[in-house]
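Following: one structure in structure tokens, then a few remarks.
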Amino acid sequence: MKILALFAVLLAGGMLLYAGQDLPAFGDQNSPAYQHPMTTRFIEESENETGVYNIVTALLANYRGYDTLGETTVIFTAGMAVILLLRRREL
């Protein structure tokens, strides 16, 4: 059983290393993520549109507010479920 788990971990690690070779260099301004028109718009207009200086905060709080609220709700619900399952009950 341990051999199977080791094989699965090595296989997954090898696949991640193989896939990572196609990623652009960190911070490369010529990468496709920086060339998308929305990226340029967010960088140039986020402070004017939202009034928030930090671009990451502007994206999470204003542009993706409902999505972030949904993710937070799911994480909160999962955390509460874990707490309820692991709590000690006096008998």
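Taking θ as phi - 60°, what are the ³J(HN,Hα) couplings along the stretch 41-54 by the Karplus curve (6.51, -1.76, 1.60), each to the nearest whole Hz, with x for Gly and Pro?
For the stretch 41-54, the Karplus curve yields 5, 4, 5, 7, 10, 4, 5, 5, 6, 10, x, 10, 6, 7 Hz.
Using Cα pairs closer than 8 Å and at least 6 residues apart in sequence, work out the relative contact order for the stretch 1-81, in percent.
11 percent
Through the Karplus equation 6.51 cos²θ - 1.76 cosθ + 1.60, θ set to phi - 60°, convert the phi angles of the stretch 5-21 into ³J(HN,Hα) values in whole Hz; use x for Gly and Pro.
5, 4, 4, 5, 5, 5, 5, 5, x, x, 5, 5, 5, 5, 5, x, 5
How long are the semi-axes of the equivalent ellipsoid of the stretch 24-66, defined as square roots of 5 times the Cα gyration tensor eigenvalues? Whole Å, largest first.
Taking √(5λ) for each Cα gyration eigenvalue gives 21, 11, 9 Å.
For the chain, max minus min Cα coordinate along each principal axis, in Å, sorted largest first?
The Cα atoms of the chain stretch 58, 42, 16 Å along their principal axes.
Rounded to the nearest whole Å³, what is the per residue volume of the convex hull around the Cα atoms of the stretch 1-48?
Convex hull of Cα atoms, per residue: 111 Å³.
Each value in this text was obtained by applying a stated rule to the coordinates, not by laboratory testing. None of these values were measured; they are calculated from a predicted model.
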